[in-house]
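Following: one structure in structure tokens, then a few remarks.
The values are calculated or read from the model by the stated rules, or taken from the named source; none is laboratory data. Keep in mind the model is a prediction, meaning the values are calculated, not measured. For neighbour counting, all protein chains shown are included, and Cβ atoms are generated from backbone atoms with ideal geometry for every residue, glycine included. Protein only, heavy atoms only, side chains kept; ligands, DNA and RNA dropped before computing areas. Shrake-Rupley method; radii C 1.70, N 1.55, O 1.52, S 1.80 Å.
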Amino acid sequence: MKRKLVSILLCVTMIGTLAVGCGSKDKGSDSGDAKDSGSGDGQVLKVAAFEGGYGAEMWDEVAKAFEETHEGVTVELTVDKKIEDVISPSMKAGDYPDVVHCATGREAALTETLTKEKGLLELTDVLDMTVPGEDVTVKDKILPGFLDTLGTMPYADGVTYYAPMFYSPCGLFYNAGLLKEKGWEVPTTWDEMWELGDKAKAEGISLFTYPTPGYFDAFTYALLESSGGADFYNEAMTYKDGIWESSEATAVFELVGKLADYTEPTTVANANDDNFTKNQQLILDNKAIFCPNGTWLPGEMADAPKADGFEWGFTAVPAVAKDAKPSSFTFFEQMWIPAEAENQDLAKEFVAFMYSDKAADIFAKSGAVQPIDGMADKLDADSQLYYHIYDNDAAVAVMGGFAATEPVEGVSMADSLFKAVNSVMSGDKTVKDWQADVEATSDKLRDAMD
């Protein structure tokens with residue numbers, strides 16, 4: 001869905017994506033504090049945002065709130081479920097948004113492509129800016145850990161290029177009502193998982209399903225950390241030589257290979273962007289027990305039919321190593337500024353505004369939680385279930401994905417490690433071949449790291 005908050009008099013590009021800003025152009029400023037209201041001077045700020053499971057309306061409200069705190073500024077907002085397809089043609093023609101909300105890990109890989117091409121503006125100075133309308137800096141509002149990860153510093157050089165946005169603990173969703181009915185316990189180890197899988201199979205229920213192979217990112221990250229620990233995980237994310245041939249990595253590959261025997265038979269056929277909700281529906285219909293996903297899933301399936309007694313359940317991914325704790329990858333979305341943005345000062349102010357109480361409260365009404373202390377407590381009781389998964393040290397929080405590299409034609413860790421899962425599940429690719437492909441991809445990307 002595309003939404004605009006600009007006058008019809010603004011000139012638009014032929015594909016109807018982003019209007020050309022008619023205000024002043026101030027590229028490359030190093031300003032430290034957000035400007036006061038009235039600094040807009042008729043500027044137009046072009047904001048492009050991905051419409052995820054939280055919907056598009058919250059972006060309208062946040063854009064309006066920003067305009068109210070920045071007199072003279074007009075936010076031209078474009079929101080779409082396939083935001084990359086909407087803005088990429090204009091970007092190729094040299095017409096860039098000022099601010100983009102588009103996470104890593106998406107199939108179009110727009111964020112990764114701009115990162116590899118050094119097409120992003122450094123945001124380290126934004127962390128020291130005062131949040132508009134408040135007396136605290138951005139970095140002092142963001143939860144610990146979110147600024148010390150490859151998810152915000154993609155070049156592993158201590159420089160921030162991504163602003164962390166809505167965060168979501170990822171894990172395994174299930175029908176708690178089904179387990180209560182059957183008298184089954186939620187597994188905390190993989191031995192218990194396999195035992196439950198055998199019990200369920202005897203009753204015609206599969207242990208596992210997944211929306212698309214892309215959802216194996218958070219799931220695999222959790223498995224890797226619990227198999228080898230934090231240092232091992234970081235070495236995998238930075239393509240250490242031989243890391244994917246290690247015993248810790250082998251345990252993860254073999255586990256997923258075994259999981260194929262417990263995956264609902266129709267899963268692979270529907271594991272694509274068109275039919276993924278059919279796989280999610282499997283746990284609502286008691287045809288499969290566990291499905292890896294993020295906190296947006298209940299909202300995404302809110303109107304879907306559910307089995308009698310259905311009740312959302314959520315648990316961390318059982319640990320691979322015997323002495324490790326369960327783990328949950330914290331997925332968070334990213335906001336960034338293209339290096340070619342026209343209004344970089346104003347764009348930085350908009351990013352800083354994302355951490356204001358006003359903006360965070362607007363997002364929270366739609367279930368989108370900013371990584372700000374106390375925000376999870378403002379959610380309803382059901383949502384708090386997911387965000388308290390780390391309470392009392394019950395699960396290890398895992399954050400950050402693969403380090404950015406120079407572009408390598410035809411080489412993608414997402415393709416080799418995640419998309420290949422469909423072939424593994426269907427039996428078209430062996431676990432050993434899958435593992436070898438990932439190691440080969442890692443070798444090529446390591447050579448392309450800065």
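Placing unit charges on C-beta atoms (Lys and Arg positive, Asp and Glu negative, everything else neutral), compute the dipole magnitude of the chain about its Cα centre in debye, rounded to 20. Could you put the intermediate results ahead of the total?
Working: 36 positive and 77 negative charges, 198 e Å.
So the dipole magnitude of the chain works out to roughly 960 debye.
Protein chains only, probe 1.4 Å: how do Asp98, Asp437 rank by accessible area, largest first? Can you show the working numbers first?
Details: Asp98 0, Asp437 65 Å².
Greatest to least solvent exposure: Asp437, Asp98.
When Trp312, Trp194 are compared by accessible area of protein heavy atoms, the largest-first order is Trp312, Trp194, using a 1.4 Å probe. Under 1.5 on a/c is rounded, so check that first for segment 59-154, then, if it is not, pick prolate when a/b is larger than b/c and oblate when it is not; a ≥ b ≥ c are the square roots of the alpha carbon gyration tensor eigenvalues. Oblate, since a/c reaches 1.5 and b/c is not below a/b. Taking all protein chains into account, the per residue accessible area for the chain stands at 41 Å² (1.4 Å probe). The helix-based estimate of mean residue ellipticity at 222 nm for the chain, built from -39,500 (n - 2.57) per DSSP H run of four or more residues and divided by its residue count, is -10000 deg cm²/dmol to the nearest 500. Scattering from segment 115-224 was approximated by placing one identical point on each alpha carbon and applying the Debye formula without solvent; log10 I(q)/I(0) at 0.17, 0.21 1/Å stands at -0.91, -1.19.
Taking amide H atoms as placed 1.01 Å from N in the peptide plane, the amide H of Thr152 has no partner under 5 Å among residues 5 or more positions away or on other chains. Can you list the residues, at least 5 places off or on another chain, whose amide H is less than 5 Å from the amide H of Val396, using H built in the peptide plane? Those qualifying (amide H under 5 Å, at least 5 residues apart or on another chain) are Ser327, Ser328. Backbone amide hydrogens, once placed in the peptide plane, bring Val79 within less than 5 Å of Arg3, Ala49, excluding anything fewer than 5 places away on its chain. When semi-axes √(5λ) of the Cα gyration tensor in Å is calculated for this entry, the matching label among (1) 47, 24, 17; (2) 38, 24, 20; (3) 35, 27, 21 is (2).
Taking all protein chains as shown and a probe of 1.4 angstrom, Thr277 keeps an accessible surface of around 60 Å².
So, R0 is 25 Å and r is the distance between the beta-carbons of Thr250 and Arg446; what FRET efficiency does that work out to, to 0.05? Don't jump to the answer; show the numbers that get you there.
Details: r = 19 Å, r/R0 = 0.76.
Calculated value: 0.85.
With the full set of protein chains in place, find how many percent of the accessible area of the chain is carbon and sulfur; take the probe as 1.4 Å.
Details: 8780 of 18350 Å².
It is 48 percent, rounded to a whole number.
Ordered from largest to smallest accessible area (heavy atoms of protein chains, 1.4 Å probe), the residues Lys81, Lys118 come out as Lys81, Lys118. Using a Gaussian network model of the chain whose springs link C-alpha atoms within less than 10 Å, name the residue from Glu340, Glu107, Glu67 with the highest mean-square fluctuation. Comparing Glu340, Glu107, Glu67 in a Gaussian network model of the chain, the most mobile one is Glu107.
A 28 angstrom limit on the alpha carbon distance is what I want to check against. Which of Lys278/Lys322; Lys325/Lys358; Lys180/Lys419; Lys182/Lys365; Lys419/Lys444 exceed it? Going by Cα-Cα distance, Lys278/Lys322; Lys325/Lys358; Lys180/Lys419; Lys182/Lys365 fall outside the 28 Å limit.
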